[in-house]
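In what follows, a structure is listed as structure tokens, so that the remarks can point back to it.
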Amino acid sequence: MPLSASQIERYSRQIIVPRVGGHAQERLLGSRLLITGDADDVEPALLYLVGAGVGRIELGLGSGAHRADELAAAMRELNPDVAVSAWGDTTGSLAQLVLAIIGSPSALAAVATLAAGAARTGWVAARIDSPAHIAVLPSGAPCPLCAGGGLLAPFTARAEHASIVAMAAATEAFKLLAEYGESPGATLIEFDGYESRSHAIAGDPSCECRRKGA
């Protein structure tokens, strides 16, 4: 749906960014995202993505799950273009992308369970313990179960720069939903302090994610 005059004004600073523009903003407004993680880790990313105009966001919260309604109400005030609800409040999730922020053992367990049932959904999964890394999995194959990089390995101590890694993951989710730039392949972004390096992920060709929806 074409942007209204008020939407053009609201997102003007975003629209003028090269390779974003009006069409990318329309894609954002029509997109559906599931964010999972502990409430304190999810909230900054949620604020960013609601402000950016991601049209439908579901919250699959671990620790702090009781805050889902509070966060949803606050987000409606921030941007009326965006619908935020607790995951499961509506019949079935149609999310095209999962943003997972893994900041505790309980968040890790929740992501592992979700990954087993969402093998063909795109993912951006951030481990914010040490060594911190982000898996960008745009097509659903490889999936978090076979992507490697220790994505579902036991949780260690939180990284000192955990909040920065979580926001970097939110930015990667924005780029996928907006179709910003060239379509990326599966990528692992590894952090060494504030420095990062990226490399392609091949995954496991025998994983279930290769067969579902094929």
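The values are calculated or read from the model by the stated rules, or taken from the named source; none is laboratory data. Only a predicted model underlies this, so the values are computations on that prediction, with no experimental measurement involved. No Cβ is skipped: glycine too gets one built from the backbone with ideal geometry, and neighbour counts run over all protein chains shown.
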Residue among LEU94, LEU114, LEU108, LEU177 that is out of contact with any helix residue (DSSP H, G or I) (no Cβ under 8 Å at 6 or more places or on another chain), assigned to a helix (DSSP H, G or I), in contact (Cβ under 8 Å) with a residue 60 or more places away in the chain and among the aliphatic types (A, V, I, L, M): LEU114
Residue within region 189-211 that is more than 19 Å from ILE35 (Cα to Cα), basic (Lys, Arg) and in a loop (DSSP other than H, G, I, E, B) present: yes
Failed condition for SER163, given (1) surrounded by 23 or more Cβ atoms within 10 Å (Cβ to Cβ); (2) assigned to a helix (DSSP H, G or I): (1)
Unique match (being surrounded by 20 or more Cβ atoms within 10 Å (Cβ to Cβ) and without any contact (Cβ under 8 Å) to a residue 40 or more places away in the chain) among MET75, MET1: MET75
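Yes/no per residue for (1) crowded, with 18+ Cβ neighbours inside 10 Å; (2) touching a Leu at 6+ places or on another chain (Cβ under 8 Å); (3) of a type in the set (Val, Ile, Thr); (4) under 19 Å from ALA170 (Cα atoms):
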| residue | (1), (2), (3), (4) |
| --- | --- |
| GLY51 | no, yes, no, yes |
| GLY60 | yes, yes, no, yes |
| GLU70 | no, no, no, no |
| GLN96 | no, yes, no, yes |
| ILE101 | yes, no, yes, yes |
Residue selected from region 12-47 under the condition within 19 Å of ARG76 (Cα to Cα) and exposed (fewer than 15 other Cβ atoms within 10 Å of the Cβ), by the criterion nearest to the chain's Cα centre (by Cα): PRO44
Close pairs from region 124-138: first closer than 16 Å to VAL98 by Cβ, partner aromatic (Phe, Trp, Tyr) and part of a strand (DSSP E or B), Cβ under 6 Å, at least 6 apart: LEU137/TRP123
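Just to be sure before I move on: is ALA153 more than 30 Å from GLY22 (Cβ to Cβ) and in a helix (DSSP H, G or I) in the structure I sent?
Details: more than 30 Å from GLY22 (Cβ to Cβ): yes; in a helix (DSSP H, G or I): no.
No; evaluated as a whole, the condition is false for this residue.
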Test: residue in region 33-51 that is without any contact (Cβ under 8 Å) to a residue 12 or more places away in the chain and under 30 Å from ARG210 (Cβ atoms): no
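Could you tell me which of the residues GLN25, GLN7 is closer than 27 Å to SER183 by Cβ and out of contact with any helix residue (DSSP H, G or I) (no Cβ under 6 Å at 6 or more places or on another chain)?
GLN7
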Residue within region 74-86 that is assigned to a helix (DSSP H, G or I), under 11 Å from GLY37 (Cα atoms) and at pLDDT below 95 present: no
